[in-house]
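Down below is the structure, laid out as structure tokens.
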Amino acid sequence: KNTAGGPEQFENFEAASRRILAGGTTPKRTPDGVARDLNTAADAVLASARAAEETAGRPRTREFDAAVTDLKVVAQLTRFHALRSIAAVHYNLFKRGLRLAELLAATYKSREVVAAWRELIAVAGDRYPAALTAHWRDTLVRLEADLKALEDQCCPPDEAIVKEKVWTPAS
């Protein structure tokens, strides 16, 4: 039910699922459009960080390494939110239509969400205060528990499920 960032501009996940099922449109920024923009931004930030590392060579200052780490952390947070948005739309589609294929799509995307958060922790390493990295690790535990709950709702895919139509974000 995200409403941050101006609910008048952004479609929330629940509204997106209703619109998709109805085959409608919206003038608002859709979750898949925002996710696409976030992924583009994350790719650009990571490419810039790699280019900066290549240009800087060795040895590097601690300040430089800290700045590059910050960029990578921001990119991972961005990627995390993009993935989570798509997972949330799939889950809301499942709740509305009770189609197992949407639950499976939400589960698979949630696995990517957890992987992105793990990457965030790896990128941050030991460069941040212990309280912050502890918070990130605590968040990982909650994300893994949420993923486990999704996986527990699912069953292994069979032919009937695989053939079921699943919403695909616009590219």
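The values are calculated or read from the model by the stated rules, or taken from the named source; none is laboratory data. What you are looking at is a predicted structure, and each value in this text was computed from that prediction instead of being measured. We place every Cβ from the backbone using ideal geometry, glycine too, and count neighbours over all the protein chains shown. We work out accessible area using only protein heavy atoms, side chains counted, and drop any ligands, DNA or RNA first. Shrake-Rupley method; radii C 1.70, N 1.55, O 1.52, S 1.80 Å.
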(message) Using the basic label-point model (7 angstrom from Cα toward the beta carbon), what is the Glu119 to Leu77 distance in nanometres?
(response) 1.7
(request) Work out the count of Lys pairs in the chain where the Cα-Cα distance is under 23 Å, with the pair 8 or more places apart or on different chains. (result) 13
(request) Report the normalised scattering of the chain as log10 I(q)/I(0) at q = 0.08, 0.11 Å⁻¹, calculated by the Debye formula with identical scatterers on the alpha carbons. (result) -0.31, -0.55
(message) Once R0 is set to 45 Å, what does the formula 1/(1 + (r/R0)^6) return for the Cβ-Cβ distance between Thr25 and Arg58, expressed as a FRET efficiency to the nearest 0.05?
(response) 0.30
(message) Considering only protein heavy atoms and a probe of 1.4 Å, how much of the accessible area of the chain is carbon and sulfur, as a whole percent?
(response) 56
